[in-house]
Amino acid sequence: MLGREVRYAALVSGKAEGLTELNAFDGALLSAGIGDLNLVQVSSIMPSHVSLADSLAGAGLPKGDFVLVVYGARTSSTPGELIASAVGVGRAEDGFGVIMEAQGSSRSQVEEDVRRKVEEAFRARRLTLAAVQVAGVEHRVQQCGGVVAACVFF
């Protein structure tokens, strides 16, 4: 991916249980459809020329490919604990955007947190927010649980 021009991004999320917290995180990545990719974390800016796709379907990302991503994740080994993660993209009329992520204890809480962070990022830049898209996930831990929400560029 790093050798190709980025044209699209998609918001994805996943959750899983695992033998360990690391296995739970890996399972959450697999559940989100990005577990077989090398994730290269970038800061939270959405270029204006990048279109937001509904999913990674048709992206044609081969296993092991290096992809740019902004993500938030949470793991826990406390049975019964509710864990959550969300990612959101805010865009101005010209398409320029900011991506924010949050982790917490409920989907509604982290999705609202992401929206507030996007709004603040636009205020700091003195930009008008035209649209916000958010993807969130929550999971009740059984043994070791993990959640991830990501904006994947392709």
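The table for this structure:
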{"item": "Structure-derived Rg and Dmax of the Cα atoms in Å - corresponding label in (1) 15.3, 46; (2) 16.8, 52; (3) 21.4, 76", "result": "(1)"}
{"item": "Counting DSSP beta bridges with both ends in the chain, the antiparallel % (nearest 5)", "result": "85"}
{"item": "Surrounding net charge for Gly146, when Lys and Arg each add one and Asp and Glu each subtract one, Cβ distance under 13 Å", "result": "-2"}
{"item": "Within the stretch 1-42: backbone nitrogen closer than 13 Å to the Lys63 label point (7 Å, Cα to C-beta)", "result": "35-38"}
{"item": "Contact order normalised by residue count of the stretch 8-153, Cα under 8 Å, 6+ apart, percent", "result": "36"}
{"item": "Least to most buried among Ile34, Ile45 (fewest other Cβ within 10 Å first)", "result": "Ile45, Ile34"}
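Just so you know, all these numbers are worked out from the coordinates, no wet-lab data involved. Note that this is a predicted model, so its numbers are computed, not measured. Reconstructed Cβ throughout: ideal geometry from the backbone, glycine too, with neighbour counts over all protein chains shown.
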